[in-house]
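A.B. asks: This is the structure, below, for whatever I ask next.
The values are calculated or read from the model by the stated rules, or taken from the named source; none is laboratory data. Since the structure is predicted, the reported quantities are computational estimates derived from the model, not experimental observations. Please note: Cβ atoms are built from the backbone with ideal geometry, for glycine as well, and neighbour counts cover all protein chains shown.
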Amino acid sequence: MFNPQYSITNRLLANIKRIAEIISDLNSRNFSNIILVELEKKAREISAFSSTSIEGNPLPLTDVKRILQNKPEHIRDSEKEVLNYNKALVELNELIKTDKAIFDTNLILKIQKTIITGLIEDYRWGKLRQEPVFVNNPKTRQTVYWPPEQKDVELLLQELFGYLNNQQNKIDPLILAGIFHKQFVVIHPFIDGNGRTARLATKVLLAKMGLNTFNLFSFENYYNQNVSRYFAEVGLLGNYYDIKDNLDFTAWLEYFTDGIIDELLRVGKELDKNSTSPSTELKDYHQTILDYIKTKGYIVDKDYAQLTSRAKPTRNLDFRKLISLGLIIKEGKGKATYYKFKE
């Protein structure tokens with residue numbers, strides 16, 4: 001039975017509190033669809049670059065952006081890795097939006113199949129490994145970790161998912177997501193694609209548990225800033241069977257939540273920077289419309305005319321800007337026209 005050891009340190013507790021504060025602040029602000037679509041595109045580029053770079057992909061970010069934009073037909077494996085990872089990001093984001101994502105072994109198999117298709121033998125796509133694997137030090141190429149035997153992989157995954165299901169209303173979601181990430185790497189269930197699958201699956205798990213910044217979020221970026229540190233924190237040294245009973249998740253959970261804070265702050269800065277451009281900046285009179293809708297639920301032009309001295313043609317422009325930014329929608333026709341928040 002999987003029963004991970006960890007301690008709620010002051011640092012971990014402070015990180016969890018800080019994450020809640022940042023998310024609350026971001027959720028309290030309105031951003032246009034124009035900004036969000038652009039940031040979603042950037043986040044996918046950064047994620048595809050960072051997560052494949054962690055695994056040794058040599059392509060720079062500029063090439064990753066070009067590949068994702070042009071999607072060339074004749075590609076090398078390094079380009080295929082990037083396109084596969086981006087495909088998984090898009091598909092998982094759509095799945096999360098439908099609120100139908102079931103976090104289980106089948107989802108894990110689907111993720112691994114998507115990111116590894118065309119890169120290894122097809123009989124290994126979306127299949128748990130049926131042979132031993134070894135983890136080597138990327139610098140020395142010497143084996144440093146021997147994962148569980150293949151005969152134990154399926155049971156260990158079942159125990160991990162059982163733990164998540166049993167504890168989802170008892171333990172903070174951030175702790176559960178961190179435990180999943182590390183234990184998945186510990187189990188190493190696939191012949192290839194374990195790290196990329198772990199990072200994508202952790203994103204889905206965070207989204208299902210309430211941290212749904214999936215389309216703007218790239219904590220792979222944090223790990224890629226210091227790959228050696230990431231491997232040291234998430235990985236193990238030695239034989240799984242010798243060290244499994246003494247495995248402590250505390251240091252990893254601190255590092256894991258450090259990374260989420262770092263990425264949330266990056267997203268916040270990007271949102272602030274983009275929201276102050278001339279095309280997206282809101283004036284006081286725009287905010288007047290939004291405040292009125294927030295209070296009453298809708299606004300008509302007659303209401304707005306009483307709140308401002310702006311002429312009717314200008315008032316129409318104000319409504320159109322808020323519509324173009326994806327903040328409000330227009331309902332009704334003629335004299336029955338009114339505006340409300342876009343759901």
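A.B. asks: On the given criteria, is Lys97 more than 21 Å from Phe184 (Cα to Cα) and either among the hydrophobic types (A, V, I, L, M, F, W, C) or in contact (Cβ under 8 Å) with a residue 12 or more places away in the chain (or both)?
C.D. replies: no
A.B. asks: Could you please tell me which pairs satisfy a Cβ distance under 6 Å, a separation of 6+ or placement on different chains, a first residue in segment 227-241 that is assigned by TED's automatic domain parsing to the domain that holds Val135, and a second residue that is part of a loop (DSSP other than H, G, I, E, B)?
C.D. replies: Pairs found: Tyr240/Pro147; Tyr240/Pro148.
A.B. asks: I would also like to ask the following. Working only within segment 50-62, note down all residues that are within 22 Å of the chain's Cα centre (by Cα) and not β-branched (Val, Ile, Thr).
C.D. replies: The answer is Ser50, Ser51, Ser53, Glu55, Gly56, Asn57, Leu59, Pro60, Leu61.
A.B. asks: Any residue at all in segment 260-272 that is β-branched (Val, Ile, Thr) and either more than 30 Å from Arg199 (Cα to Cα) or in contact with a Cys (Cβ under 8 Å, 6 or more places away or on another chain) (or both)?
C.D. replies: Looking through segment 260-272, none of the residues is β-branched (Val, Ile, Thr) and either more than 30 Å from Arg199 (Cα to Cα) or in contact with a Cys (Cβ under 8 Å, 6 or more places away or on another chain) (or both).
A.B. asks: Can you go through Val234, Val227 and tell me which one is under 20 Å from the mean Cα position of the chain (by Cα), surrounded by fewer than 18 Cβ atoms within 10 Å (Cβ to Cβ) and either aromatic (Phe, Trp, Tyr) or over 21 Å from Leu36 (Cβ atoms) (or both)?
C.D. replies: The unique qualifying residue is Val227.
A.B. asks: Still on this structure: Condition test on Asp301, is it surrounded by fewer than 17 Cβ atoms within 10 Å (Cβ to Cβ), acidic (Asp, Glu) and assigned by TED's automatic domain parsing to the domain that holds Asn27?
C.D. replies: No.
A.B. asks: Here is a follow-up. Filter segment 289-317 down to the residues that are within 34 Å of the chain's Cα centre (by Cα), part of a helix (DSSP H, G or I) and farther than 17 Å from Arg29 by Cβ and list them by number.
C.D. replies: Scanning segment 289-317 gives Tyr292, Thr295.
A.B. asks: Picking from Ile171, Ile116, which residue would you name as being touching a residue at least 12 places away in the same chain (Cβ under 8 Å) and either hydrophobic (A, V, I, L, M, F, W, C) or not assigned by TED's automatic domain parsing to the domain that holds Ala43 (or both)?
C.D. replies: Among Ile171, Ile116, only Ile116 is touching a residue at least 12 places away in the same chain (Cβ under 8 Å) and either hydrophobic (A, V, I, L, M, F, W, C) or not assigned by TED's automatic domain parsing to the domain that holds Ala43 (or both).
A.B. asks: Being surrounded by fewer than 23 Cβ atoms within 10 Å (Cβ to Cβ) and of a type in the set (Gly, Ala, Ser) is the filter here; which residues of segment 200-224 pass it?
C.D. replies: Selection gives Ala201, Gly210.
A.B. asks: Among the residues of segment 187-237 satisfying the criterion of being at pLDDT 85 or above and charged (D, E, K, R), which is nearest to Glu121 (Cα to Cα)?
C.D. replies: Step by step, filter segment 187-237, then rank; the result is Asp192.
A.B. asks: While we're looking at this one, here's another question. Just the residues that are part of a helix (DSSP H, G or I) and surrounded by 15 or more Cβ atoms within 10 Å (Cβ to Cβ), please, taken from segment 89-104.
C.D. replies: Leu89, Leu92, Asn93, Leu95, Ile96
A.B. asks: Of all residues being of a type in the set (Asp, Glu) and assigned to a helix (DSSP H, G or I) in segment 210-265, which is nearest to Glu149 (Cα to Cα)? Just the residue, please.
C.D. replies: Asp242
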